[in-house]
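Worksheet for the structure shown next.
Where a number appears in this text, it was derived from the coordinates with a stated rule and is not lab data. What you see is a predicted model, and the numbers here were worked out from it, not measured in a lab. Cβ coordinates were reconstructed from backbone atoms using ideal geometry, including for glycine residues, and neighbour counts include every protein chain displayed.
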Amino acid sequence: MPAASHPTSRFDLTIRNGRISNADQTFFADIGIKDGVIVEIGENLESGERDVDAAGKWVLPGGIDSHTHIEQLSGMGVMCADDFYSGTVSAAFGGTTTIISFAAQHRNDRIPAVLEDYSRRAREKAVIDYGFHLILANPDEQALQHELPAVIESGITSLKVYMTYDKLKLDDYQLLDVLAVAGEHGAMVMLHAENHDMIRWVARRLLERGHTSPKFHAVSHDPLVESEATHRAIALSRLIDVPVLIVHVAGTETVDIIRKAQQLGAQVYAESCPQYLFLEAKDSDLAGLEGAKFCCSPPPGDKASQEAVWAGFKDGTLAVYSSDHAPYRFDESGKLPKGDATTFKEMANGVPGIELRLPLLFSEGVMKGRLSIEEFVALTATNHARMYGLAPRKGAIQVGADADIVIWDTQRRTTVHPEILHDAVGYTPYEGREIQGWPVEVYSRGRCVVKDNALQVERGSGQFIARSRPDPVVKRAEPAPQRKAFGNFIGLKSAALSK
Ligand code: DUC
Ligand code: ZN
Ligand code: ZN
């Protein structure tokens, strides 16, 4: 209930009486906000021009989703269902106040034109703050020597590269080239780690035998596909001591490989997503093409891999929990480009999750006692901010940070249906799930974005956030002396190696 307005207040907005959680502690306090920034945290703060009473609610940093595909043309030429309006509205309703989405280079594109195009579209439509990762498909000399350094300097301090897909795949030599430039300029390299030839070799044999339905997607992406590529990616990263972040980790062996590499002091970080905690490969074993709604790459595994991902989040092997929102409609515009004749090799790859990412983890993780609320905040906001150069501006409720704040009602119970969501996809793989806890009020830079189950802001009111260099969460051992010597020998200028 808004209290009386105080036009002369030091604060534009006061959020009072809430139970605040950051990644390191939980406490009760009021939050004073001025010009979109948190200017004071304390007891009994004076009323703001607007006053919000959060008594009985939990007050958390706005979620950061550092892996979303929005208004993006896939490598296979399919356009996502969500544009920067529906995608960011959906994010906001799910308690996310910042996304980092992809600006995707296709092989014949020049990078500056790609970024200009994505920037214009996001600027016109986004309702929350956003940044971009560059997807790099063509690391030619111009890209490596001129365009990438300029991109990183402009605040796009991360890029994604692929080890699979005909139109995106880089070979190991190219990956080393990209890692070397990223290391020199301080950018984070996100890796889609799957072995391309293992996938296509198995897929071809399946198709030859008439096994075309969606459930064979998971068969063609055996867990070894991911674990082999992850091992190789880590070896490339260790060779020249440049950080990598393995995205959308799905498999038990992959989690183990990452954990062991971290124990060796490798600069390897990792992400996983709701689909690897809450879906299984067998969900795609449905009549007709229905199973396509559950297909993404890497595919979800089984109960054991779900447990491995939970354990990875719990012990810090996996530092960020993102949606990997890849929204494709269940029709010829998206999942099923050849209609009923679409094979598992032709389906658009990916599942939606931008809106349910936080409620699912809150309900299954925090409410069921698998994660503390502080761990939840770290995995959903704070670690993203550090990993991708958004800290200290975002990812924590602290003086000087943007007032990106979400008020959670821990008692609210929701049954998931596509109709309650705000994306443009039309289905959800989580239909029918019961969720406890919901983000009921969402503030971005002090602006009320969602309240009373309604959007409160205009399209285009989100801002591009130029990011600083990543400062990853996990501090590691010094690189082994022989690695340093190796770096000097081959003339690497990586900040890590020259320390
Ligand atoms: N990789 C992603 O990051 N998202 C969706 C599908 C894929 O292959
Ligand atoms: Zn990927
Ligand atoms: Zn993705």
Q: Could you grab the relative contact order for region 62-388? Cα pairs under 8 Å, six or more apart, rounded to a whole percent.
A: 19
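Beyond 16 Å, what share of the Cα-Cα pairs of region 136-204 remains, rounded to the nearest whole percent? Don't skip to the end; give the middle numbers.
Values: 1088 of 2346 pairs.
Cα-Cα pairs of region 136-204 separated by over 16 Å account for 46 percent.
About its Cα centre, how strong a charge dipole does the chain have in debye, to the nearest 20, once Lys and Arg get +1 and Asp and Glu get -1 at the Cβ?
Working: 53 positive and 66 negative charges, 140 e Å.
Dipole magnitude for the chain comes out near 680 debye.
Rounded to the nearest 20 debye, what is the charge dipole size of region 25-140 about its Cα centre when +1 sits on each Lys and Arg Cβ and -1 on each Asp and Glu Cβ?
Numbers: 9 positive and 18 negative charges, 106 e Å.
Roughly 500 debye for region 25-140.
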Q) How many nm is it between the label spots at Ala287 and Asp197, if each spot is 7 Å from the Cα in line with the beta carbon? A) 4.2
Q: Return the whole-Å distance between the Cα centroid of region 127-178 and the Cα centroid of region 336-373.
A: 26
Q) Considering only Ser297, Ser47, Val161, whose Cα is most displaced toward the positive end of the charge dipole of the chain, charges sitting on Cβ of Lys, Arg (+1) and Asp, Glu (-1)? A) Val161
**Q.** Charge dipole (debye, nearest 20) of region 269-311; +1 at Cβ of Lys and Arg, -1 at Cβ of Asp and Glu
**A.** 40
(Q) Residues of region 382-425 with backbone nitrogen within less than 20 Å of a virtual label 7 Å along the Cα-to-Cβ line of Glu40, please, listed as ranges. (A) 397-405
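Determine, from the Cβ-Cβ distance of Glu458 and His211 and an R0 of 56 Å, the FRET efficiency 1/(1 + (r/R0)^6), rounded to the nearest 0.05.
On the way: r = 49 Å, r/R0 = 0.88.
Computed FRET efficiency for Glu458 and His211 comes out at 0.70.
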Q. What Kirkwood hydrodynamic radius do you get for the chain when you take the inverse of the mean 1/r over all pairs of distinct Cα atoms, in Å?
A. 22.9
Q. Taking a label point 7 Å from the Cα of Val219 along the Cα→Cβ vector, which residues of region 182-211 have an amide N closer than 15 Å to it?
A. 199-211
Q) What order, most packed first, do the peptides 188-198, 348-358, 209-219 have when packing is the mean number of other Cβ atoms within 10 Å of each residue? A) 348-358, 188-198, 209-219
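List the GluC sites (Glu not before Pro) in region 36-113 that DSSP assigns to loop (not H, G, I, E or B) and whose Cβ has at most 13 other Cβ atoms within 10 Å. Which are they?
Details: sites: Glu40, Glu43, Glu46, Glu49, Glu71; in loops: Glu43, Glu46, Glu49, Glu71.
In loop regions of region 36-113 (DSSP not H, G, I, E or B), the sparsely surrounded GluC sites (Glu not before Pro) are Glu43.
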(Q) Skipping prolines and chain starts, which residues have an amide H placed within reach, meaning under 5 Å, of the one on Thr26, given they are 5 or more residues away or on another chain? (A) none
Q: Evaluate the distance, in nm, between pseudo-label points positioned 7 Å from the Cα of Arg232 and of Glu153 along their respective Cα→Cβ axes.
A: 3.4
Q) If the chain between Arg204 and Glu434 were fully stretched, how many nm would it gain, using 0.36 nm times the residue separation less the Cα-Cα distance? A) 78.9 nm
**Q.** Degrees, to the nearest 10: 172-185 long Cα axis against longest axis of the chain
**A.** 30
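Within region 82-151, list the trypsin sites (Lys or Arg not before Pro) lying in a DSSP loop whose Cβ has at most 12 other Cβ atoms in a 10 Å radius. Mind dumping the intermediate values first?
Values: sites: Arg107, Arg110, Arg120, Arg121, Arg123, Lys125; in loops: Arg107, Arg110.
Passing sites in region 82-151 are Arg107.
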Q | Linear extension gain, Glu374 paired with Asn138, 0.36 nm per residue minus alpha-carbon span | A | 81.0 nm
